[in-house]
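To keep things clear, I will list the structure first and then write my remarks on it.
The values are calculated or read from the model by the stated rules, or taken from the named source; none is laboratory data. Since the model is a prediction, treat every value here as computed from it, not as a measurement. FYI the Cβ positions are ideal-geometry reconstructions off the backbone, even for glycines, and counts take in every protein chain you see. The protein model used for the area step is the full one, side chains on, heavy atoms only, and it has no ligands, DNA or RNA in it. Shrake-Rupley method; radii C 1.70, N 1.55, O 1.52, S 1.80 Å.
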Amino acid sequence: MPPSQDEPPIYQSEDAQAILQIAIARHTEDGDLTRSQLFEIADELGIAHNTLVEAEQQWALQQQETVALAEFDHYQQQRFQSHLVRFAIINSVLFILNWMAADTLSWALYIFVFWGAGLSLQAWQTYWPNEQQYRNRFETWRRREQIKRSFSRAMDWLLGT
C-alpha cells in the first residue's frame, strides 16, 4: 500500500523503530516473538541474515551490560548502607563515652562531623555519580568480579567440585 500525500516521506530512525515496535507488539498476541519469527520479519524488511545475527549479539551484550550495571548499583548501595550503619553505631558509642567522661560533647563532635562529611561524599558518589568516575569505578568493579569468578572456578577445578 503506497503512502498517502499527508504522510511524511521520511522517518527518523528512532521514530521508525518505535512504530515498528508498536506494530509488532500489536501483531503478536502476547507481545513475544520466537527467533524464527524475528528472522521472518527481518526477511520481509529486507534485512540480511548476518546483519540480524550481529544485531542480536549486540543486543545480548547490551543486556549483559545492563545486568552488570544493576549489580554494580546494588553493590554500591549496599556498601554505602553498610558504612552508614557503622557510622551510626560507632558515633553513638563515641557520643555516649564522651558524654559520660566529660558531661558534654566535645571531641566526639569532631569525629562525627569529619566522618559525616566523608560519608556524605560517598552518598553523593553512590546516588548522583559523575558519569566518568562512575564508569571508571564500574570497570574496576567488573574486573575485580571477573578475577573473583576466575579464581573461584580455578579453585573448584582444583578441588574437583
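Of all residues in region 61-83, those that are under 12 Å from TRP141 (Cα atoms) have Cβ atoms under 7 Å from Cβ atoms of residues that are in a helix (DSSP H, G or I) and among the basic types (Lys, Arg), 6 or more apart or on another chain, in ALA68/ARG142. Exactly one residue out of PHE95, PHE87, PHE112, PHE72 is open to solvent by 70 Å² or more (accessible area, probe 1.4 Å) and modelled with pLDDT of 90 or more: that is PHE112. Screening the candidates GLU54, GLU65, GLU131, GLU139 for the property of being open to solvent by less than 50 Å² (accessible area, probe 1.4 Å) and among the charged types (D, E, K, R) yields one hit, GLU65. Considering only residues in region 147-161 that are open to solvent by 80 Å² or more (accessible area, probe 1.4 Å) and aliphatic (A, V, I, L, M), the one that is nearest to LEU69 (Cα to Cα) turns out to be ILE147.
Yes or no, residue by residue, for (1) under 22 Å from GLN64 (Cβ atoms); (2) not in a helix (DSSP H, G or I):
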| site | (1), (2) |
| --- | --- |
| ARG86 | no, no |
| ILE89 | no, no |
| SER92 | no, no |
| ILE96 | no, no |
| THR104 | no, yes |
| GLN125 | no, no |
| GLN132 | yes, no |
| ASN136 | yes, no |
| GLU145 | yes, no |
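Here the condition is being surrounded by 11 or more Cβ atoms within 10 Å (Cβ to Cβ) and modelled with pLDDT under 85; of ASP15, ASP30, it holds for ASP15 alone. Output yes when any residue across region 53-60 is of a type outside the set (Asp, Glu) and either at pLDDT 95 or above or in contact with a Leu (Cβ under 8 Å, 6 or more places away or on another chain) (or both), and no when none is. No, region 53-60 contains no residue that is of a type outside the set (Asp, Glu) and either at pLDDT 95 or above or in contact with a Leu (Cβ under 8 Å, 6 or more places away or on another chain) (or both). Answer with yes or no whether THR140 is of a type in the set (S, T, N, Q) and at pLDDT below 95. No.
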